[in-house]
Amino acid sequence: MEEEKRTVRAVERALDILICFTSKSEWGLSEIASEVGLHKSTVFRLMATLEDRGFVIRDEATEKYRLGLRILELSSNLSREGDPSVVLLPGMERLRDEIGETVSLYVRDGNERVRIQAVQSAQAIRRVAPVGARMPLSVGASSKVLLAFAEEPVRKEAMADPAWPASVDRAAYVRQLDEIRAAGYATSFEEREPGAAAVSAPIFNRAGKLAAALAVSGPSNRLTPDVMHRHAPAIMEAAQRMGKLLG
């Protein structure tokens, strides 16, 4: 039993290390050890195993690690049938061309939202949206959409999370969610980071279930509150069209 526990723990640690690569492409040994809270010698042994199996590659010049080809082999067999990130991409590109700002697609994963697809703006100064980024549900236009249009138990669970920031008043947030449901969309202006703004609308599948949040984001000096409200009807219309493509 103890041997089994040690083996499972080693798997958990190796997976924690691989998850580090969702935030940036290269990591040094000390950086990884600090990020996952393990001793460097433990991380070194785990990285050696991952490297041996092709999951990571070590750059001899920089002594930093990056993901290996084995990850690509795994992702090539990922099922794409009905995947919103694939099915909705053409519609996202059309919306980007229409509005001229970065378009993103988010889904809820527990008490976080995850960006599963993004189409970057072609403008020189733009909002860069990396796919795979995770963000809290307490701030941001898409977070508010994913909670406002979710079922009541989902909202209660998210807002009961101990990680919910004390700076975000729950009662005021609930009132804001009510307003968002009435309007059909949400906006955020420098809520999560200075200089960024976004407007988001819900995507419901053909069964009427909330499937994702569609968002347009950009610099706050271009996406002012007035501009976001003017764009909202086009974004909601695009979200409705996209929803018809999802079973």
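The values are calculated or read from the model by the stated rules, or taken from the named source; none is laboratory data. Not measured: the values here are computed from a predicted model. Reconstructed Cβ throughout: ideal geometry from the backbone, glycine too, with neighbour counts over all protein chains shown. Heavy atoms of the whole protein, side chains included, go into the accessibility calculation; ligands, DNA and RNA do not. Shrake-Rupley method; radii C 1.70, N 1.55, O 1.52, S 1.80 Å.
Miscellaneous remarks
- Arg80 being out of contact with any strand residue (DSSP E or B) (no Cβ under 9 Å at 6 or more places or on another chain), among the basic types (Lys, Arg), more than 23 Å from Ser23 (Cβ to Cβ) and modelled with pLDDT under 90: yes
- Ser85 falls short on exactly one of the conditions (1) over 19 Å from the mean Cα position of the chain (by Cα); (2) part of a helix (DSSP H, G or I); (3) farther than 21 Å from Asp16 by Cβ, and that condition is (1).
- Ala215 being open to solvent by less than 50 Å² (accessible area, probe 1.4 Å), in contact (Cβ under 8 Å) with a residue 60 or more places away in the chain and not β-branched (Val, Ile, Thr): yes
- Identity of the residue in the stretch 134-181, of a type in the set (Lys, Arg) and open to solvent by 20 Å² or more (accessible area, probe 1.4 Å), that ends up farthest from the chain's Cα centre (by Cα): Arg175
- Checking each residue in the stretch 22-55 for being part of a loop (DSSP other than H, G, I, E, B), of a type outside the set (Val, Ile, Thr) and on the phi < 0 side of the Ramachandran plot picks out Ser23, Lys24, Ser25, Glu26, Leu38, His39, Arg53, Phe55.
- Scanning the stretch 25-34 for residues that are loosely packed, with under 14 Cβ neighbours inside 10 Å and more than 16 Å from Gly68 (Cβ to Cβ) turns up Gly28, Ser30, Ser34.
- Note on the stretch 35-56: residues that are open to solvent by less than 60 Å² (accessible area, probe 1.4 Å) and over 18 Å from Leu15 (Cβ atoms) amount to 1.
- Answer residue from the stretch 193-229, given it is part of a loop (DSSP other than H, G, I, E, B) and of a type in the set (D, E, K, R) and is nearest to Ala129 (Cα to Cα) among those: Glu193
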